[in-house]
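The structure appears below as structure tokens.
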Amino acid sequence: MADVAGVTVSPSIGETSDAQKNVFDLGAFVGDLTLEEDPSSDDISLEGLEQELDECKNNDVVANILSKGTKLRDYTKGVENDLRKVELDSIQDYIKESDNLVSLHDQIRDCDSILSQMETLLSGFQAEIGSISSDIKILQEKSMDMSLRLKNRKVAESKLAKFVEDIIVPPRMVDILVDGEVNEEYMRTLEILSKKLKFVEVDQMVKASKALKDVQPELEKLRQKAVSKVFDFIVQKLYALRKPKTNIQILQQSVLLKYKYVVTFLKEHGKEIYNEVRAAYIDTMNKVLSAHFRAYIQALEKLQLDIATYNDLIGVETRSSGLFTRAREPLKNRSAVFALGDRINILKEIDEPALIPHIAEASSIKYPYELLFRSLQKLLMDTATSEYNFCDDFFGEESIFYEIFSGPFGVIDEHFNLVLPNCYDAIGLMLMIQIIHKHQLIMSRRRIPCLDSYLDKVNISLWPRFKLVFDMHLSSLRNANVKTLWEDDVHPHYVMRRYAEFTASLIHLNAECGDGQLDLNLERLRMAVDDLLIKLAKNFPKQKLQTVFLINNYDMTITVLKEAGPEGGKIQMHFEELLKSNTTIFVEELLQEHFNDLIKFVKSKASEDPTSNPDKPITVAEVEPLVKDFASRWKAAIELMHKDVITSFSNFLCGMEILRAALTQLLLYYTRLSDCIKRIVGGSALNKDLVSISSIMYEIRKYSRTF
């Protein structure tokens, strides 16, 4: 501010009216500044002064100075005086506090001395700590080295201890293996010996050790002794299986399985001896089971009931066919040749225990072959399941089972090959097929596959035999002698009953497995019996008798098929259609027998308009005889029809249905006749002779009530 001492400030020209205002316009004031040149300030530049003043216009002190119009030089002097005064005051204060400052200086110097001593002390401590750290590091390295050596020694000790434990032969183990009995303790000792033998055989380092040279001969002696001892023991147990009346399964489960480790030991350390044990067991069980099944089959054969022979066919007559032919025995013991009957129960009892022959023989009961077949297969399944599980558990080999059962399979096949060619019981064969199917499901649920191929083989052998017997029945119908089969009787023929029962049985048995080939064969059988039935019907002299014969046979067939179950299907529908068509024929024949003229008139003229033909109109004279004839005997004729139906049809319900159909048809004919009379000129004269429709309806309802 001293640099601008030569600057004079003049009042602003425009300050007359705004002098009283407190607001100062710095821009206006600066704009009116007049600068006086100072000879001593030639080098001072005022460039930028205006910009600095603009920047300072917001400063309160500067604005206050400029607003009062105070000269800068005076203000500067005032400020310098104030500063000098403050400086003198400060010097006085320092002079007053000089003693304190000297004291503070002394204290600071003392503190500095003390801190220097502490620095020296701490430096010594630092050096000592560094030395201690180095010692600790050395100790740490020694500790880690010792820890590593200790760890290595422990590892070496554990391996050496295990090696010693695995390779040494304790005296106690030697005593047990040489002199001890084969029991649970012996089994445990065998396991220890097995581990030692595996140890010296597997590890290459062990083989190179000197200790093995001392121990190996002893281990080999123990192995040979143990193998010899357990071989004698297990063979002795196997020979016990050959004793008569021995329960093999109990002996296997309670005795042999306890010593199954013996077999494992032999398999691992005495392969040749194991093969001998294996062969001994296979030979023993093969012979024992073969003998058991052979004895069981022989006992079952005594219980067999012969159901059918080669002559028990659908189309073969029941009477003797020659002079030297023995008369056929009645079918009371062979009623099941064609009908399923109670034989179906065997499929519900499929999982029942097998027959016990001596108990069944004591009761003097004979059984159809399929029941004996089920018992034999049931015994085979249970025995095979037990043996398969035992072989897998005891020997760990499934193949042993098939070697053992080659004998029993051979015995059963031999029996089956003798029975099957002489079996003519188609129902029994079909039941056996169903039994095999269910047994396959049982073995599948047990998850035992050992009989899969055997059961498939039996099934494959049963189907061709069934087809052969079925074709024999079919041929018997196709080649039947109508003259010897025909009987002068309109009731159902025994051949047709055989067919109905036979077909219903096979349909019922086939419902579960749904064999399409059997359905085709049944259709062929149906066509053959249709042809034979028509041929038999043609032997009756009258058409009416032929129709009655067909109706009776069709109705019987439908009844048998319905009784067997809801599986009749196409065959049942076929016979229902035949019954319906033949019933219509019979109704017409029955009505024509009693009301022939009325029916002819109704069919020929009743539908015509009486006046449509002027040359030959229908007259009262033409209709009157028909009306009077019907009125005079219609009730008697219905009664005769009733008796005719009762005597003609063996099924009362079927007869009543036919009679009702006949009476309904008669009502329709008479209604058409009545309508025709109403259209005839003068037809009202016959009203007195017409029978009312209500009377005929009453008569129909009367016979319906008896139905």
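Scanning segment 425-435 turns up no residue that is under 34 Å from the mean Cα position of the chain (by Cα) and not in a helix (DSSP H, G or I). Restricting Ala161, Ala226 to those that are part of a helix (DSSP H, G or I), aliphatic (A, V, I, L, M) and modelled with pLDDT under 80 reduces the list to Ala161.
For the subset of segment 300-343 comprising residues that are within 16 Å of Ala500 (Cα to Cα) and modelled with pLDDT under 80, which member is surrounded by the fewest Cβ atoms within 10 Å (Cβ to Cβ)? Once the filter is applied, the top-ranked residue is Ser335.
Inside segment 538-574, can you point out the residues that are free of Cβ contacts under 8 Å to residues at least 40 places away in the same chain, hydrophobic (A, V, I, L, M, F, W, C) and crowded, with 21+ Cβ neighbours inside 10 Å? Those that are free of Cβ contacts under 8 Å to residues at least 40 places away in the same chain, hydrophobic (A, V, I, L, M, F, W, C) and crowded, with 21+ Cβ neighbours inside 10 Å: Leu550, Ile558. Going through (1) surrounded by fewer than 16 Cβ atoms within 10 Å (Cβ to Cβ); (2) without any contact (Cβ under 8 Å) to a residue 24 or more places away in the chain one by one, Cys391 falls short only on (1). Every test in (1) in a helix (DSSP H, G or I); (2) within 24 Å of Thr583 (Cα to Cα) is passed by Ser650 save one, and that test is (1). Looking across segment 654-688, the residues that are more than 60 Å from the chain's Cα centre (by Cα), in contact (Cβ under 8 Å) with a residue 40 or more places away in the chain and either within 13 Å of Leu598 (Cβ to Cβ) or in the same structural domain as Thr547 (by TED's automatic domain parsing) (or both) come down to Leu666, Tyr669, Tyr670, Arg672, Leu673, Cys676, Ile677. Inside segment 468-487, residues that are surrounded by 15 or more Cβ atoms within 10 Å (Cβ to Cβ), of a type in the set (Gly, Ala, Ser) and part of a helix (DSSP H, G or I) make up a count of 1. Check segment 524-531 and report whether any residue there is hydrophobic (A, V, I, L, M, F, W, C), surrounded by fewer than 21 Cβ atoms within 10 Å (Cβ to Cβ) and assigned to a loop (DSSP other than H, G, I, E, B). No, because not a single residue in segment 524-531 is hydrophobic (A, V, I, L, M, F, W, C), surrounded by fewer than 21 Cβ atoms within 10 Å (Cβ to Cβ) and assigned to a loop (DSSP other than H, G, I, E, B). The selection criterion, being surrounded by fewer than 21 Cβ atoms within 10 Å (Cβ to Cβ), basic (Lys, Arg) and in contact with a Cys (Cβ under 7 Å, 6 or more places away or on another chain), holds for Arg465. For segment 558-571, the criterion of a residue being in contact with a Phe, Trp or Tyr (Cβ under 7 Å, 6 or more places away or on another chain), modelled with pLDDT of 90 or more and assigned to a helix (DSSP H, G or I) is satisfied by at least one position. Criterion first (over 28 Å from Lys378 (Cβ atoms), buried (at least 21 other Cβ atoms within 10 Å of the Cβ) and at pLDDT below 95) does His491 satisfy it? Taking the combined requirement at face value, the residue does not satisfy it. Assess whether Val645 counts as being surrounded by 13 or more Cβ atoms within 10 Å (Cβ to Cβ), β-branched (Val, Ile, Thr), in the same structural domain as Lys605 (by TED's automatic domain parsing) and outside any helix (DSSP H, G or I). It is false that Val645 is surrounded by 13 or more Cβ atoms within 10 Å (Cβ to Cβ), β-branched (Val, Ile, Thr), in the same structural domain as Lys605 (by TED's automatic domain parsing) and outside any helix (DSSP H, G or I).
So that you can scan it fast, the table gives a plain yes or no per residue for (1) more than 45 Å from the chain's Cα centre (by Cα); (2) under 15 Å from Glu184 (Cβ atoms):
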| site | (1), (2) |
| --- | --- |
| Asp232 | yes, no |
| Leu238 | no, no |
| Thr246 | no, no |
| Lys258 | no, yes |
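One residue stands out in segment 690-707 among those that are modelled with pLDDT of 80 or more and in a loop (DSSP other than H, G, I, E, B): the one that is nearest to the chain's Cα centre (by Cα), namely Ser692.
So is Val262 buried (at least 17 other Cβ atoms within 10 Å of the Cβ), within 24 Å of Asp175 (Cβ to Cβ) and in contact with a Gly (Cβ under 8 Å, 6 or more places away or on another chain) or not? Criteria not met by Val262.
The values are calculated or read from the model by the stated rules, or taken from the named source; none is laboratory data. As the structure is a computational prediction, the values presented were derived from the model and not from experiment. Neighbour counts run over all protein chains shown; Cβ positions are idealised from the backbone, glycine included.
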